[in-house]
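Just so you know, all these numbers are worked out from the coordinates, no wet-lab data involved. Keep in mind it's a predicted model, so treat the numbers as computed, not measured. A quick note on method: Cβ atoms are made from the backbone with ideal geometry, for glycine too, and the neighbour counts reach across all protein chains shown.
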């Protein structure tokens with residue numbers, strides 16, 4: 001069976017039960033920004049099954065090193081040094097090579113380098129807060145970064161975000177598009193966070209909590225956390241390509 | 001009792017938050033120079049075949065407020081309806097673009113080449129359209145929708161045909177506002193709520 005056969009099926013429909021609810025009174029901004037009507041459910045078309053191809057040529061050598069990329073390699077960002085790594089697979093368990101992973105995060109003090117962030121924790125002159133990479137042939141990726149700080153945000157009376165890293169993943173088709181957040185094992189703020197709590201199935205939320213991966217930590221240098229990601233897959237049966245309605 | 005099917009479930013989504021630009025459009029976040037070359041700056045390059053158009057609009061919440069933090073990604077075919085990578089596709093079309101709501105006004109603008117009719121499986125055709133994916137603070141899972149065009153024949157499009165309440169079809173059709181220019185508003189709630197897709 002060649003690649004054409006494997007990639008010719010329709011996208012597996014999304015399972016809403018793994019995802020957050022769209023509207024949650026405890027996450028106040030979601031109340032006016034979530035659709036009232038049910039979504040229109042349809043089988044995927046060529047539009048959702050195709051997508052842009054990202055080549056290694058467009059990425060720079062420091063793009064996946066957030067400790068060094070803002071200073072162009074001249075100085076290190078402040079914070080607890082970590083390796084963040086994992087694998088991207090699809091719902092069929094197949095590796096997703098050349099997936100584009102983009103991450104962004106606050107600095108060690110919980111401050112984002114963004115024109116709209118006014119939290120008084122200081123910026124770090126040597127930390128920008130974004131990184132990107134492509135997965136290898138086995139779907140693996142890695143970033144060097146610093147552990148972000150927790151920070152307060154206006155929602156309920158006293159809400160704090162647990163330390164988290166935003167992940168954007170672009171697989172092979174536009175219909176696989178996913179943005180999520182990765183949390184850190186053992187953070188007591190996860191259980192108090194109304195954004196984490198938009199995921200109602202506890203076992204699904206736990207999938208976003210990266211465990212300490214002590215075997216991947218480098219002595220006298222950095223700790224490591226592991227975060228594996230699953231993108232939508234495509235059906236692969238031999239009956240996929242029949243004419244509509246026959 | 002039964003054997004278990006071995007499979008995997010998609011990773012749960014979380015909101016992109018208000019600082020999504022840092023990761024996807026660093027210049028928009030005030031961080032120009034983060035990368036040598038940002039992704040999705042334009043869906044085409046010089047030499048493209050077809051009509052260059054501008055689609056302006058806004059993403060509007062349930063009380064009529066315009067979102068100023070929204071980021072939208074688009075994906076589309078070339079002027080002949082071929083997606084990048086397909087045989088005969090226009091090499092000057094990358095098909096993918098990222099654009100953001102203006103931080104002051106909330107208005108967005110997509111400058112692109114007008115896509116053609118897409119031939120899909122088994123003789124099904126799709127009217128010219130652009131697929132959108134919308135993220136922002138408060139949107140817990142990215143929202144998918146499509147732009148169709150007022151000045152095209154949308155009558156036999158398969159997706160528009162599946163919208164049961166025909167009054168809602170218009171929410172997916174960009175209004176022509178001038179030569180090569182259109183307007184497309186995305187309404188997250190209310191009687192004119194945009195049709196969002198689970199596709």
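Brief remarks follow.
- Taking the centroid of alpha carbons for each part, the range B:96-141 and the range A:193-209 are 29 Å apart.
- Modelled label positions at residue B:63 and residue B:119, each set 7 Å beyond Cα in the direction of Cβ, lie 5.2 nm from each other.
- The range A:56-100: Rg to Rh, with Rh as the Kirkwood radius over Cα pairs: 1.10
- Remark: spin-label model distance residue B:49-residue B:198 equals 3.9 nm, labels positioned 7 Å along the Cα→Cβ axis.
- Reported to the nearest whole Å, the Cα centre-to-centre distance from the range A:78-118 to the range B:1-24 is 14.
- Cα coordinate range in the range B:54-116, projected on the principal axes (Å, largest first): 45, 17, 16
- Label zone at residue B:56, where the point sits 7 Å out along the Cα-to-Cβ direction: the range B:161-199 residues whose backbone N lies under 12 Å: B:177-179, B:181-184
- Rounded to 5, percent antiparallel among DSSP beta bridges of chain A: 75 percent
- For the protein assembly as shown, the mean residue ellipticity at 222 nm estimated from helices alone is -1000 deg cm²/dmol, where every DSSP H run of n ≥ 4 contributes -39500 (n - 2.57) and the total is divided by all residues, rounded to the nearest 500.
- Remark: the Cα gyration tensor places the range B:140-199 in the oblate category, a/c being 1.5 or greater and a/b not exceeding b/c.
- Relative contact order of chain B, taken over Cα pairs closer than 8 Å and 6 or more residues apart, is 23 percent.
- Rg/Rg_ref, the range A:47-166, where Rg_ref = 2.2 N^0.38 Å and atoms are Cα: 1.20
- A Förster radius of 60 Å, combined with the Cβ-Cβ distance separating residue B:105 from residue A:216, puts the computed FRET efficiency at roughly 0.85.
- Evaluated over the protein assembly as shown, the Cα radius of gyration and Dmax, each in Å: 21.4, 66
- What the Cα convex hull of chain A gives, in volume per residue, is 158 Å³.
- Across all Cα atoms of the range A:78-143, the radius of gyration (one decimal) and Dmax (whole number) stand at 15.2, 46 Å.
- Translational diffusion coefficient (Stokes-Einstein; Kirkwood radius from C-alpha pairs) of chain B at 37 °C, 0.692 mPa s, in µm²/s: 181 µm²/s
- Expressed in units of 2.2 N^0.38 Å, where N is the residue count, the Cα radius of gyration of the range A:5-84 is 1.77.
- Whole-number percent relative contact order across chain A, with pairs defined as alpha carbons under 8 Å at least 6 apart: 27 percent
- Over the range A:40-117, Cα pairs under 8 Å with separation of 6+ residues give a relative contact order of 20 percent.
- Along principal axes, Cα extents of the range A:115-225, largest first, whole Å: 47, 36, 31
- Fraction of antiparallel bridges per DSSP, the protein assembly as shown only, in percent to nearest 5: 75 percent
- Principal axis dimensions, the range B:6-73 - Cα atoms, whole angstrom, descending: 46, 41, 30
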